[in-house]
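Input: a single structure, listed below in structure tokens.
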Amino acid sequence: MVSRVEGYGWWITFTVLIVLAVPWFLWGVDRVVVGLPVWVWWHVGWMALASLCFRLFARRAWGLGIGGASE
């Protein structure tokens, strides 16, 4: 079981990940880095960050937000 503060931290973390999933601020940017558009690199970085967050979540807080209404 995680503490209330850690639980709020996970909700904030996942909210930020969701908000950053679509790089609105890169719309219309046509720069290319190492042969790929910069928005593709954004998604590569986002996926790496999301996977690290999920790994930490799976080790520390698995089950948070999952369960019946009584939990």
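Work out from phi, with θ = phi - 60° and the Karplus expression 6.51 cos²θ - 1.76 cosθ + 1.60, the ³J(HN,Hα) of each residue of region 9-26, listed in order in whole Hz, and give x for Gly and Pro.
Values per residue, Gly and Pro as x: x, 5, 5, 5, 4, 5, 5, 4, 4, 5, 5, 7, 5, 10, x, 3, 6, 9 Hz.
Per DSSP H run of n ≥ 4, the term is -39500 (n - 2.57); total these for the chain, divide by its residue number, and report the mean residue ellipticity at 222 nm rounded to 500 deg cm²/dmol. Kindly include the intermediate steps, with their values, before the conclusion.
Values: 2 runs with 39 residues, N = 71.
The per-residue figure over the chain is -19000 deg cm²/dmol.
Could you please tell me the mean projected area of the C-alpha convex hull for the chain, averaged over all directions and given in square nanometres to one decimal?
Reported value for the Cα convex hull: 6.1 nm².
Can you give the FRET efficiency to the nearest 0.05 for M47 and I12, using r as the Cβ-Cβ distance and R₀ = 25 Å? Numbers along the way, then the final one.
On the way: r = 20 Å, r/R0 = 0.79.
Plugging the Cβ-Cβ distance into 1/(1 + (r/R0)^6) gives 0.80.
Just to make sure I understand: if all protein chains stay in place, what is the order of L52, L64, L36, L17 by accessible area at 1.4 Å, largest first?
The ordering from most to least exposed comes out as L52, L36, L64, L17.
Taking θ = phi - 60°, what integer Hz values does the Karplus form 6.51 cos²θ - 1.76 cosθ + 1.60 yield along region 55-62, in sequence order, with x for Gly and Pro?
My calculation for region 55-62 gives 4, 4, 4, 5, 7, 9, 9, 4 Hz in order.
So what J values fall out for region 40-50 if you push phi through Karplus, 6.51 cos²θ - 1.76 cosθ + 1.60 with θ = phi - 60°, rounded to Hz, Gly and Pro as x?
My calculation for region 40-50 gives 5, 4, 4, 5, 4, x, 5, 5, 5, 5, 4 Hz in order.
The values are calculated or read from the model by the stated rules, or taken from the named source; none is laboratory data. Please read all numbers here as calculations on a predicted model, not as lab measurements. Glycine gets a Cβ as well: all are built from the backbone with ideal geometry, and neighbour counts include every protein chain shown. The area values use the complete protein model at the heavy-atom level, side chains included, leaving out ligands, DNA and RNA. Shrake-Rupley method; radii C 1.70, N 1.55, O 1.52, S 1.80 Å.
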